[in-house]
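Novice: Dropping the structure in here first, questions after.
The values are calculated or read from the model by the stated rules, or taken from the named source; none is laboratory data. A quick note: this is a predicted structure, and the numbers were derived from the prediction, not measured. Glycine also receives a Cβ, built like all others from the backbone with ideal geometry; neighbour counts cover every protein chain displayed.
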Amino acid sequence: MIYCDSFSFKPTIKTLENFDDVLEKETFKSTLVAFIHAEEKDEEDIKSVETKMVKNLKWAAKKNGTRNVVLHSFAHLAETKANPDYTKELFNRVEARMKNADYTCNQTAFGYFMDLDIQAPGVSQARIFKAY
């Protein structure tokens, strides 16, 4: 997770055809951006993963004095990846719970490579790693 003074994304190459088309650039101010990689083992218990993710997002947002969160799918070089449909469902569930708790929560374009613009302050709580 990275707290950003400003975070922008612009979709460039669509990699998953069965997800929504997104063409516009979006920018968010004073937001916590969560770079999320869902693994195959996460599919065993979506409720548990969702609950842990929401708790960690709320904690990190509070540490950085924001109620704004952006969920970004980040498939890193792990041994396994969750099914994209599972990952999108997880993101949707987390977004709904965050909004229900009076946070602003958005998602980057799912299923795209994208240009990112990250303006993050150099303070200790601005960068937090948490494995679930």
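Novice: Does L71 satisfy being closer than 22 Å to T12 by Cα, at pLDDT 95 or above, hydrophobic (A, V, I, L, M, F, W, C) and in contact with a strand residue (DSSP E or B) (Cβ under 9 Å, 6 or more places away or on another chain)? Before you say what the answer is, go through the steps one by one.
Specialist: Values: closer than 22 Å to T12 by Cα: yes; at pLDDT 95 or above: yes; hydrophobic (A, V, I, L, M, F, W, C): yes; in contact with a strand residue (DSSP E or B) (Cβ under 9 Å, 6 or more places away or on another chain): yes.
When the stated conditions are applied, L71 passes them.
Novice: With the requirement that a residue be touching a Ser or Thr at 6+ places or on another chain (Cβ under 6 Å) and among the hydrophobic types (A, V, I, L, M, F, W, C), what does segment 1-31 give you?
Specialist: Selection gives C4, F7, F9.
Novice: Quick one: is A109 of a type in the set (G, A, S), in a helix (DSSP H, G or I) and surrounded by 14 or more Cβ atoms within 10 Å (Cβ to Cβ)?
Specialist: no
Novice: Next question, about the same structure. Considering only residues of segment 50-96 that are charged (D, E, K, R) and assigned to a loop (DSSP other than H, G, I, E, B), which is surrounded by the fewest Cβ atoms within 10 Å (Cβ to Cβ)?
Specialist: The residue in question is E79.
Novice: Given the criterion in a helix (DSSP H, G or I) and either loosely packed, with under 15 Cβ neighbours inside 10 Å or of a type outside the set (A, V, I, L, M) (or both), identify the matching residue among K29, K47, K10.
Specialist: K47 is the lone residue from the list that is in a helix (DSSP H, G or I) and either loosely packed, with under 15 Cβ neighbours inside 10 Å or of a type outside the set (A, V, I, L, M) (or both).
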